[in-house]
1. Quick check on the range 572-590: of everything there that is part of a loop (DSSP other than H, G, I, E, B) and surrounded by fewer than 21 Cβ atoms within 10 Å (Cβ to Cβ), which residue is nearest to the ligand (Cβ to nearest atom)?
2. Among the numbered conditions (1) over 30 Å from residue 185 (Cα atoms); (2) more than 16 Å from the ligand (Cβ to nearest atom); (3) touching a helix residue (DSSP H, G or I) at 6+ places or on another chain (Cβ under 7 Å); (4) without any contact (Cβ under 8 Å) to a residue 40 or more places away in the chain, tell me where residue 552 comes up short.
3. Given the residues 462, 418, which is the only one that is surrounded by 15 or more Cβ atoms within 10 Å (Cβ to Cβ) and touching a residue at least 40 places away in the same chain (Cβ under 8 Å)?
4. Does residue 593 meet the test of being within 22 Å of residue 67 (Cα to Cα), within 16 Å of the ligand (Cβ to nearest atom) and assigned by TED's automatic domain parsing to the domain that holds residue 653?
5. Tally time: how many residues in the range 497-539 are in contact with a strand residue (DSSP E or B) (Cβ under 6 Å, 6 or more places away or on another chain), within 16 Å of the ligand (Cβ to nearest atom) and not in a helix (DSSP H, G or I)?
6. Go through 316, 340, 301 for me and flag whichever is in a helix (DSSP H, G or I) and outside the structural domain of residue 193 (by TED's automatic domain parsing).
7. Given the residues 412, 479, which is the only one that is within 30 Å of residue 530 (Cβ to Cβ), in contact with a strand residue (DSSP E or B) (Cβ under 6 Å, 6 or more places away or on another chain) and assigned to a loop (DSSP other than H, G, I, E, B)?
8. Residues 660, 602: which one is in contact with a helix residue (DSSP H, G or I) (Cβ under 9 Å, 6 or more places away or on another chain), over 23 Å from residue 401 (Cα atoms) and part of a helix (DSSP H, G or I)?
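The values are calculated or read from the model by the stated rules, or taken from the named source; none is laboratory data. None of the values given here were measured: they were computed from a predicted structure. Every residue, glycine as well, gets a Cβ built from its backbone with ideal geometry; the counts of neighbours run over all protein chains shown.
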Ligand SMILES: [Zn+2]
């Protein structure tokens, strides 16, 4: 798991989260729920499209084909895509919702300055207004270029590098605010000589001679960008930029030489002695970090070398480098020539994409990426009903109860582990759809017609938020609204916090529909939520306890049993042939398939107990259990190009490819009964070979 102040923590399956501390609480704006609530399912009579099935196939022979076969036959993969699935479809639906929201906001008259709608609408309208960006030419760039041109001394350089924490750029002496590795209850500042200041992928891109043609191409690209910005003598300048970046790259240790457990906690006042060459007092003051704060350093040897480069490389070289880095980081809101040049070097020349996406698409993406907090709240107000949220909360509660019931009765757990596990489960809080309250947030001034200025102000706001976290305790239960938008099509956990977060983007058909049959919801999103919950108890999750403290609470004999169960499942998975000669890597996918197995068992029990002892009605000729399993298979409804199937299977993805995942039903006794599966059927497993974990 990696966390930094500019990126996202990527966890597990659909997830992206980080940490935030929240201050005061505001009264939430009223929900406009009247146009959002509905009474009948969006999809057919119970939330599942039965025309997607292929009933010519026996469910016991090929359950994926039985549930999804007709859909697979009629689905087409777009030319610029390598797959189509439920997830791509729901993502498209969210994309359309966001477009509606942003266009409405951009067109709305008299928006209150500083309101979510004003921020979103004016950002979007400004970003999309290419003629205005073109007409403004180089003028908006002048303040940033003047800031760099004013670097005349080494102290000026240190000041710029420190202050760049609040600029919309990456620089090599990177400052992060992150959890203290030795005291995960508090945030600490980290200074690192990082690859963030390099334009190409990593140090090897500069140092390995086989990349020389790409480096020459890079130098020519820098030359063109500087020329576009009005500089002269750009050939020489570009050569200097490349020289500096190559030296920065050489100062970085190869990844396999880094001691990831190293920990140095140094007061900022001691930096001058430890890392000579940089005017650190000026650097920290410009970054807004008070003197004598403790700073975490992981790789002091890198920083020593990096500091020397700040001391020795000519200032004119630094200025040219910083100008290029600024142009690179903001190219998307500069005149078209910059955008074309940037796209040509970083995308087209690598064969990734032949043409730029439409401006409208890029504008939506920029809001999704940069205005997460504001878009998240506006999305919920516009599209998520209270009823949807309440139904989802009730489902999560039912899943937690079923999980607890299973934990109470699982025979393989020792009493010690059982008790710790139940305690942790009880502590887990669900944040469903959106947070309980929208905390007051740091304001942002977005001005219509000032695209680059909006970038600048947004970066300054981000720095302010990060600085406010310094030396503060970590908010263990909070959903980081600045990083994870409620419009994400995702459910996630962070093993360091006893929470499960289900974002509103995934509370949509076919995964979930408050008006649909409960079997469809438990078999759909319910299984995904239960899958995520089990991650709180697997080999990562079990190293954090009910309070979110780092403590391995799994008794060793239970850990051994858990591992053995994983091995059995890995053997089952490894027997699956995805394409002729291409098999699932059971070992590599153990963690995720264990979560799939546990999630399916738990969600099924939750569905059964939600019936309160009654039998579910027959709908469209299907029993409640049949509908549960059909909805489960529908989650993984997907069509992938062969190359993609092969790449995903052999490329180290820790999840099995989608079309394999419905086969997990083979381990469920209830599935055999529901579909009358017999020993002659291809998916049949003898009762003793059916696996369970949670
Ligand atoms: Zn997972």
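1. 588
2. (1)
3. 462
4. yes
5. Total satisfying the criteria: 4.
6. Selected residue: 340, the only one of 316, 340, 301 that is in a helix (DSSP H, G or I) and outside the structural domain of residue 193 (by TED's automatic domain parsing).
7. So the residue among 412, 479 that is within 30 Å of residue 530 (Cβ to Cβ), in contact with a strand residue (DSSP E or B) (Cβ under 6 Å, 6 or more places away or on another chain) and assigned to a loop (DSSP other than H, G, I, E, B) is 479.
8. Going through 660, 602 in turn, just one is in contact with a helix residue (DSSP H, G or I) (Cβ under 9 Å, 6 or more places away or on another chain), over 23 Å from residue 401 (Cα atoms) and part of a helix (DSSP H, G or I): 660.
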